[in-house]
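In what follows, a single structure is set out as structure tokens and then discussed.
The values are calculated or read from the model by the stated rules, or taken from the named source; none is laboratory data. The structure displayed is predicted, hence computed values, not measured ones. Glycine also receives a Cβ, built like all others from the backbone with ideal geometry; neighbour counts cover every protein chain displayed. Accessible surface areas use protein heavy atoms only, side chains included; no ligands, DNA or RNA. Shrake-Rupley method; radii C 1.70, N 1.55, O 1.52, S 1.80 Å.
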Amino acid sequence: MEQFSPIKRSKDGQAVRYLIVDDSVFARKNLARIIESFGGEIAGEAGDGMTAITEYERCKPDIALMDITMPQMEGIEAAEKIVQQNPDARIVMVSSVGYQENIVAALQRGARHFVQKPVKPEVLYEVIKYVLGEDGVVAATAGAGA
Amino acid sequence: MTPFRDDPGAEMRELFFETSQELLQSLNDDALKLERSPQDGEVVRSIRRTMHTLKGDAAACGFKELSELAHKLEDALAEGSAADAGALVQLSLSAADIFSAMLVAYRKRTTLPDTTAIKQMVSKLASGPRATRSKRKATTSKNSGVMWTEGERKSAGAAKADGKSIFHVVAYLDQLCAMPIAARQMVASQLASIAQVIAARPDEQSATHAKKFDFLIATSAAESTVNSNCVIPTVISHAECFPHGVEAAASADIARGGAKFPVPTEKSGVAPETAGPTSVAENILRVGTERIDNVLNLVGELIIAKSMMQQSMQEFTRRYPKDPLRARFSDAMAFQSRVLNDLQRSVMKIRMVPVEQLFRRFPRIVHDTAKSCAKQVKIIIRGQDTDVDKSLLDAIAEPLTHIVRNAISHGIENPRERELAGKDPTGTVQLDAYHQANQLIVEIKDDGKGIDPVKLKAKAVKENVISAADAERMSTEEAFDLIYRPGFSTAEQITEISGRGVGLDVVRNVLMRMKGTIEIDTTPGQGTTFRLKLPLTLAIIQALMFRIEHRLYAIPLNAVAEIARAQESDLHRVDTTEVLQLRNRVLPLVRVGQRRNSELEPRRDKIFILVLNLGERKLGLVVDALEGEEELVIKALDDHTVSTDLVSSASILGDGRVVLIMNLAAVIERFTRSGTDVSNSGSLPRATDGAAPEVRQ
């Protein structure tokens, strides 16, 4: 897999912490691999919306990647609940083109961004940088050695 | 001079001819609106927009003269905004006329009409102050590009008054992003965090294929901030931000978009690749009527096939009453017939258009007619949403126009007379359309002086239409019938308006051809109502089938008021007319068969009388036997098949028999005029069972 210059937290230079929410184990694995290639750290995983909320409260990640269609509670509702509790939460919706309306709904309820499934690493990389804004910094030198 | 250069443009020109009709219509509408409310600046703007669109579209099609004229008018309207509204109304109406004439000339490739008169009007208007010119430039460019509605522009104005800057932001979708709707939401949210979003194009529903998004925002942020906020990696590749009012890029779009495709009002500015408002147009399919007719015809064949099946089914049931397969067949057939009904209804619906398409011409017609008769008339239009078959609509346009003109020139009194009679000096003409049973009813009602039967008779006697003795005996109903006589008019003198050689006789003929009727309701001093009744569609009718001398005929079921049973001995003869005493009414009878030869044929005692409603009159049609009701698919008969107007069409039954459909109006006319019991003068053509109709010369 292509290597990216790691994105670090600008406040402490530590790895960016992620919560990955998807009901497919394969999709979680795939996302985790991509994120690790960005130098990120998987703080938690969840397979449904309910777990996502409790996991978010437990690990307080920098970014949550959220699937839309899941059992128990859908991604939109989970995103909404998380944002209600944590107004600064950065939630990126991950979904296929067919769920565009749901993405719009999630964006209206506080999600920050979206990426299309299947996730392209270079797209997600740009999205992460954008969502982190000033809180993220690209460690230019570290990438070359990795 | 003719700008036809290449063929690929032909389709576009066709489109232009079509869309420009709508533009001219709205020009007419706006002009009349302006006449009613001269202070309404929005109407003037609307007229100017119409001119602007016409100008662009015409130029794109190479119609230089029209484009130039529209351009002149557009200029004149901007400069003359302060000018007398009356002059603007006149100018707009004349413009609509001259444009329409030009379009005809372009279409037929004939000489263009003379435009000197209108140019003079323009230059008269244009002599206003020059200072407004630069201002106008800004306004028109604001009108170009994406169109913001008046309300949106008002909010922008209000925000501007609050010290905010107004920007038009154009955000372009990133190639990587396959979800424009979501992308649109993201930009909108981004903009909302720094600005008040006044308007957005396209809206959420129509953004499916959008490549760029237009926003009108009010903000206190700087242009660069707005710009950088809109750029979102992987979603929005870049954005442009213009202070509202000077949109350089948008007018560039016009050149691109306009040249490729002449889209009507409010759309010309959008580049072709955007889904924006154009996507609305994409949902509309233009289909030639003949294609729809073709489908309808096939549906008709299916209905015949259905009745074939039904007959076979009956036969099957008779032979194998116990067979379990029977239930399955009948289930399948019930399903089939339900789908078929839906199919038929849907296809019919395609042909249906709201009657508004016809009605909206009338404000102008009323305006012009009233003006030339020096009368004050207002028009009220109701029921414009009523759907009607397109071909029917086209057919009644002419009769309707005639009746409305008549109502104004003959019906409505001049203002002074009206005041003397204690009425509002402004007369009213009311158009109404509605469905009743399977019919379309169109009413034309005026509050004029009504029709006086006494005057009518006097006039008829004077013109030698009837004798004085006839007039004495005539009932009021019969007197009203006089107005349908060719060349008959009660107007003191033939005016240019209603004396165009098209009389009410022609109106009635047209209606007869469409299997419709016309009724008059009039109260002297209070007004007249003409009521046109037409079948909703001409393709499929509910018919009553009957036999006369073993021949099968059908008539539309809705013409039959009642069916009476009688004995030959119940019939009486009054003068030359056979009559039947039906309850307390005497019903004149019509017999269409050959003279009964009692030696050859045994006298049949039991007969049926179909009581027919024909406009005001009731008549009984004597038939030998009833055959039943059926939905008949009408097959037109051309003149080569049957050379008589007594049958209007034919149909094929499920068992292959041919049934002729009587043209009732013609039958009754023919058989009442020459006495009832006609032998030689006319007899109906026959359809020999299972074969093509016999030709009768």
The stretch A:99-132 to the stretch B:312-361: how many Å between their Cα centroids?
51
Could you please state, rounded to a whole Å, how far the C-alpha centre of the stretch A:1-52 is from the C-alpha centre of the stretch B:530-590?
86
Just which residues of the stretch A:78-101 lose 10 Å² or more accessible area with every protein chain there, against their chain alone, with the probe set to 1.4 Å?
A:97, A:100, A:101
With Cα atoms, 0 to 90° folded angle of helix A:75-85 axis to chain A main axis:
80
5 Å is the cut-off here: which amide hydrogens, built 1.01 Å from N in the peptide plane, fall below it relative to residue B:241, excluding neighbours closer than 5 in sequence?
B:170
Stretchable slack from residue B:463 to residue B:584, in nm (0.36 nm times residue separation minus alpha-carbon distance):
39.9 nm
Just need the relative contact order of the stretch A:49-144 here, percent rounded to a whole number, with Cα pairs under 8 Å and 6+ apart.
23
Calculate the mean, over all residues of peptide B:173-182, of how many other protein chain Cβ atoms lie within 10 angstrom of the residue's Cβ.
5
Determine the shielding of peptide A:126-139 by partner chains: average, over its residues, the number of Cβ atoms on other chains within 10 angstrom of each Cβ.
1
Karplus-derived 3J(HN,Hα), 6.51/-1.76/1.60, for each residue of the stretch B:63-68, Hz, glycine and proline x:
8, 5, 4, 5, 4, 5
Largest-first semi-axes in Å of the equivalent ellipsoid built from the Cα gyration tensor of the stretch B:290-353 are 31, 11, 6
With label points built 7 Å along Cα→Cβ from the Cα atoms of residue A:14 and residue B:68, find their separation and express it in nm.
7.8
For the stretch B:295-310, just list the computed ³J(HN,Hα) in residue order, Karplus coefficients 6.51, -1.76 and 1.60, θ = phi - 60°, integers in Hz, with x standing in for Gly and Pro.
4, 4, 4, 5, 4, x, 4, 4, 5, 4, 4, 4, 6, 4, 4, 4
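Taking 2.2 N^0.38 Å as the expected size of a compact globular protein, what ratio does the Cα radius of gyration of the stretch B:373-464 give against it, to two decimals? Walk me through the numbers on the way to the answer.
On the way: Rg = 15.8 Å, N = 92, 2.2 N^0.38 = 12.3 Å.
In units of the globular-protein estimate, the stretch B:373-464 measures up at 1.29.
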Can you compute the modelled spin-label distance between residue A:137 and residue B:176, with each label point 7 Å from Cα toward Cβ, in nm?
2.3
Extension gain from residue B:104 to residue B:154, taking 0.36 nm per residue of separation minus the Cα-Cα distance:
14.1 nm
Treating only the Cβ atoms of Lys and Arg (+1) and Asp and Glu (-1) as charged, compute the dipole magnitude of the stretch B:330-446 about its Cα centre; round to the nearest 20 debye.
300
Can you give me the Cα centroid spacing of the stretch B:39-98 and the stretch B:153-175 in angstrom?
28
Once both labels are modelled 7 Å past Cα along the beta-carbon direction, what's the residue B:334-residue B:506 spacing in nm?
5.4
